[in-house]
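The values are calculated or read from the model by the stated rules, or taken from the named source; none is laboratory data. The structure presented is a predicted model; accordingly, all values stated were derived computationally and were not measured. Cβ placement follows ideal geometry from the backbone for every residue including glycine, while neighbour counts extend to all protein chains displayed. We work out accessible area using only protein heavy atoms, side chains counted, and drop any ligands, DNA or RNA first. Shrake-Rupley method; radii C 1.70, N 1.55, O 1.52, S 1.80 Å.
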Amino acid sequence: MDIYIKGHYQKSIYQNSNGYHVGLFKVKETNSQELTTFLDKTIPFTGYFHELNDVDTYLFFGKMVEHPKYGLQFAVSNYERCKPEEKDAIVDFLTSGLFKGIGEKKAKAIVSVLGKDTLSIILEHPDNLILIPGITKANIDTLHNKLKEYESSYETVLYLSNLGFSTKDAMIIYNHYKESTKQIIDKDIYQIIYDIYGMGFRKIDRVALKSGIKKDAFIRVRASILYIMEEVSNTYGHSYFYYDEIFEYLPRVLLVSISDTDYQKAMESLIQDLMIVHVEDRYYLKEMYEAECLIVKRFRLLGRKEEESFQHLDSKFTEMEQVFGISYNEEQKKAIIDSIVKNFLIITGGPGTGKTTIMKGIIELYKEVHKLSYDKLAEKVVLLAPTGRAAKRMSEATLMPASTIHRFLKWQKETNKFQVNEYHKSKAEVVILDEASMVDTLLMASLLRGISVNCKVIMVGDSYQLPSVGPGQVLHDLIESKTLPVVELKELYRQGKDSNILQLAYDIRHGNVLDHVFNKDEDLTFIECPDNQVISNLMDVCATFKDLSYKKFQVLAPMYKTRYGIDIINEKLQTIFNPKDASKKELVIGDVTFREGDKVIELNNMPDENIYNGDIGIIERIVTQPSKKIIIDFDGNEVTFTASNFNKFRLAYAISIHKAQGSEFDVVVMPLVQGYRKMLYRKLVYTGITRSKKMLYLIGDKKALVQAVDNTDSDIRRTTIKKFLVEGIK
């Protein structure tokens, strides 16, 4: 039985452009025994609506949920507007403000003549109103047109629901297109994909096919081409494609073959409509092409801009060394000085070369040469990183506030847009971007749109690490172009000189695996064993670190599935780090048991809660009654998860190497087996190894490590930032 509440909308506390409302509703009737306590009381509600007013009576269908922050709410899945039937209700409706020029006197006159059928008569026979004293032709037009518009909105939502859209999606679509909804859908239902964030091809295509569109319809072919380009771009990281390769993918998506002529017509129309950019033999999604061009133009402009000059810069640098008690080497000094005088600089180098120490020096020297207080410095110099953990490390190292790029640009989850953009720019004068290898092309372009064209940009990162999860390889392309200012740090800094971990990392960078670094000292251990003994050896090693802080110890692996994947490892390690205990509450979610004290990782960005993808925390409490909750402590920030978002975290005794990027741990354990073959490649292994600061354990097959180091195929991404920098944009 569907649960409903019937009553009156009071007000909205929050609403967005998609029609999502959080508001208050006064309950007059319900079919739920549980909700009878709310009769004649106000209850918070959430849901998607195209229009709400405080005159109509509404039926809200849905269920009670508990929001982690705001408590009990009625989540509306669909709703109905109850037409006013009693004469007094109709008078209230006509005087609600919807109908300009109709006051109480005119409303009563209309209802006294037309009675309970007032609204039907206004819709179907509006000329009858001319007989009512005091009603003008303008009043009749207003009543008829507004009521017709009011009714048609419901008809449109019903039309969308009948097509196969959920109530939520129907509301989002109607709120975007309003009265043009039917016209747009009848012309090209796939237009929804291009206009409304979150409406993906698969969802719209299901509705389109259900409504009778042919598999080889022209508009479907067009939409499929864009879908293929976006999906392949996200999978392989390419920024452009070739004509024939897109054509080869089409039958898999369309489930029907089409002629080259039909494909060509669809492609040409997409180019004509500026949705695809065709340059030479390359085909780009418009957004990607524009992003690459923006990056190239901005960095070329900054790179060629006249350098600043400062008096006594060398003496100030020496003073800074004395204050910090540091003696920078020549590479590091050049990186710091160039960061002060140049308008764009890339500082790159592997682990142990002092990149973090250099950032601290840049900030301090910038403060001194510009004679800034720390408050003014924080206004002018912005420290950014791609992940929350990387931003936190950056802040701890520099004693300055640091932020994720998404937080700095004020990302809006509902629309996937940034509030800091080309129209509302940041006033920052310097941006220092750490872990720059993780920043994809589209995010980099969004950052550049959000800062002034004169803003100094300093990028810090290791281009040998994994490229960004999203498309592109920005840092790599900028360095490889050899057209921009770059300082490469090669000299290992202090204690790094004797590190076997760093020696292994540098060997891997050069494509070598040399046995002499293994088992030489306790910092680097390789336990060779057959695949079927990897898990037992891994558990033995991990057991020796069970009392070490969860922040300092981490198991890293390339894959979630397989017999040696992250999911299995987590299940095994839970028995070591957090075994079953009568004093600890548990909750089974899917096929995973979570218990109080478990180490978990966040899988999404939740900016409202100040947690981000990759953040690691500990389950503080589990509540099972009256509703299920899991409270997770993310380094002092307690966040409550309810059943609706239990899928946003998972166990983290073992995590993927991709998730670990931007983080460091004292001790890292990495299994290496032939079963990981699909995911074993040089940059992945290099990134995993360089997460370790003090001790690294490799367990498994040395041949798997050699194969990974030899495999550079997965590193290849087709991009044109380097080409555009060298040859110019065509």
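Compute the relative contact order of the chain as a whole-number percentage, counting only Cα pairs closer than 8 Å that sit 6 or more residues apart in sequence.
10
Could you check the spin-label model distance between residue 380 and residue 571? Points 7 Å from the Cα along Cα→Cβ, value in nm.
5.8
For residue 234 and residue 26, what does the FRET efficiency come to when R0 = 56 Å and r is the distance between their Cβ atoms, rounded to the nearest 0.05?
0.75
Could you check the spin-label model distance between residue 148 and residue 306? Points 7 Å from the Cα along Cα→Cβ, value in nm.
Here the modelled spin labels are 6.7 nm apart.
With the contact rule set at Cα under 8 Å and sequence spacing of 6 or more, what percent relative contact order holds for the range 215-370?
It comes to 19 percent, rounded to a whole number.
Any chance you could run the full-extension gain for residue 210 through residue 125? It's 0.36 nm times the residue separation minus the Cα-Cα distance, nm to one decimal.
26.9 nm
Which value results when the Cα radius of gyration for the range 124-188 is divided by 2.2 N^0.38 Å?
Scaled against compact globular proteins, the figure is 1.47.
Taking square-rooted eigenvalues a ≥ b ≥ c of the alpha carbon gyration tensor, is the range 1-142 rounded, prolate or oblate, where a/c under 1.5 means rounded and, failing that, a/b exceeding b/c means prolate?
prolate
With everything on Cα atoms, drop me the angle between helix 137-163 and the longest principal axis of the chain, reported from 0 to 90° to the nearest 10.
The helix 137-163 is inclined about 50 degrees to the chain.
Rounded to the nearest 10 degrees, what's the angle between the helix 260-272 long axis and the longest principal axis of the chain, both from Cα atoms, 0 to 90?
90
Given the DSSP H assignment, sum -39500 (n - 2.57) over each helix run of at least 4 residues in the chain and divide by its residue total; what's the result at 222 nm in deg cm²/dmol, nearest 500?
That calculation yields -12000 deg cm²/dmol at 222 nm.
Hey, got the Cα dimensions of the range 509-568 along the principal axes, in Å, largest first?
31, 28, 22
State which entries of 333/702; 333/693; 168/392 exceed 29 angstrom in Cα-Cα distance in the structure shown.
333/702; 168/392
Pop the C-beta distance of residue 257 and residue 322 into the FRET formula with R0 = 56 Å and round what comes out to the nearest 0.05.
0.15
Suppose all protein chains stay in the model; what accessible area per residue would a 1.4 Å probe give for the chain, in Å²?
Normalised by residue count, the accessible surface of the chain is 47 Å².
Could you give log10 I(q)/I(0) at q = 0.09, 0.22 Å⁻¹ for the range 149-280, computed by the Debye formula over C-alpha point scatterers of equal weight, without solvent?
-0.29, -1.33
In the structure displayed, which of 456/659; 376/694; 490/678; 410/683; 360/694 lie more than 27 Å apart, Cα to Cα?
Checking Cα-Cα distances, 456/659; 376/694; 490/678; 410/683 exceed 27 Å.
So if each residue of separation counts as 0.36 nm, and I subtract the Cα-Cα distance between residue 268 and residue 69, what length gain in nm does that give?
Length gained between residue 268 and residue 69: 66.6 nm.
Quick one: net charge around residue 475, please, counting Lys, Arg +1 and Asp, Glu -1 for every other residue with C-beta under 10 Å from its C-beta.
That works out to -4.
Three principal axis extents, largest first, for the C-alpha atoms of the range 603-658, in Å?
38, 24, 21
Count neighbours as other Cβ atoms within 10 Å of each site's Cβ, and list the GluC sites (Glu not before Pro) in the range 431-517 that are DSSP loop with at most 15 such neighbours.
491
Points 7 angstrom from Cα along the Cβ direction at residue 516 and residue 371: gap in nanometres?
The two pseudo-label positions are separated by 5.6 nm.
How would you rank 659-672, 507-520, 290-303, highest first, on the average number of other Cβ atoms within 10 Å across their residues?
Those peptides, ordered most packed to least, come out 659-672, 290-303, 507-520.
Taking all protein chains together and a probe of 1.4 Å, list 462, 186, 281 from the most accessible to the least accessible.
The residues order as 186, 281, 462, largest area first.
Take every DSSP beta bridge with both residues inside the chain and express the antiparallel ones as a percent of the total, to the nearest 5.
Taking every DSSP beta bridge with both residues in the chain, the antiparallel ones total about 60 percent.
Tell me, how many Å apart are the Cα centres for the range 556-616 and for the range 30-78?
So the two Cα centres are separated by 34 Å.
Taking only Cα atoms, what is the 0 to 90° angle, nearest 10, from helix 355-369's long axis to the longest principal axis of the chain?
Tilt relative to the chain: about 80 degrees.
Just the number, please: Stokes-Einstein D of the range 455-539 in µm²/s, Kirkwood Rh from C-alpha pairs, 37 °C, 0.692 mPa s.
201
Summarise the long-distance tail of P(r) for the range 309-397 by giving the % of C-alpha pairs beyond 23 Å.
21
Let me test this: with uniform point scatterers at the alpha carbons of the chain, what is the Debye-based log₁₀ I(q)/I(0) at q = 0.06, 0.08 1/Å?
The computed values of log10 I(q)/I(0) come out as -0.48, -0.82.
For the range 202-254, divide the Cα radius of gyration by the Kirkwood radius and give the resulting Rg/Rh value with two decimals.
Rg divided by Rh gives 1.00.
Which shape class, rounded, prolate or oblate, goes with the range 11-66 when its Cα gyration tensor gives a ≥ b ≥ c as root eigenvalues, a/c under 1.5 marks rounded, and past that a/b bigger than b/c marks prolate?
Note, shape of the range 11-66 comes out prolate.
Just order 690-700, 526-536 by mean Cβ neighbour count inside 10 Å, highest at the front, would you?
Per-residue Cβ counts within 10 Å, averaged per peptide and sorted highest first, yield 690-700, 526-536.
Counting only residues 5 or more places away or on other chains, whose amide H sits under 5 Å from the amide H of residue 526 once H atoms are built in the peptide plane?
Distant-sequence amide H within range of residue 526: 519, 698.
Taking a ≥ b ≥ c as the square roots of the eigenvalues of the Cα gyration tensor of the range 255-348, is the shape rounded (a/c under 1.5), prolate (a/b larger than b/c) or oblate?
Because a/c hits 1.5 or more and a/b exceeds b/c, the range 255-348 counts as prolate.
Let me know the whole percent of all Cα-Cα pairs from the range 350-483 that are separated by more than 25 Å.
In whole percent, the share of Cα-Cα pairs in the range 350-483 beyond 25 Å is 24.
Work out the FRET efficiency for residue 108 and residue 82 from their Cβ-Cβ distance, taking R0 = 25 Å, and round it to the nearest 0.05.
0.70
Could you give me D for the range 395-438, from Stokes-Einstein at 37 °C and 0.692 mPa s, where the hydrodynamic radius is the Kirkwood radius over C-alpha pairs? Units µm² s⁻¹, please.
Once the numbers are plugged in, D ends up at 271 µm²/s.
Tell me, what HN-Hα J-couplings in whole Hz come from the Karplus equation 6.51 cos²θ - 1.76 cosθ + 1.60 at θ = phi - 60° for each residue of the range 277-284, using x for Gly and Pro?
Along the range 277-284, the couplings run 10, 10, 10, 6, 9, 10, 10, 10 Hz.
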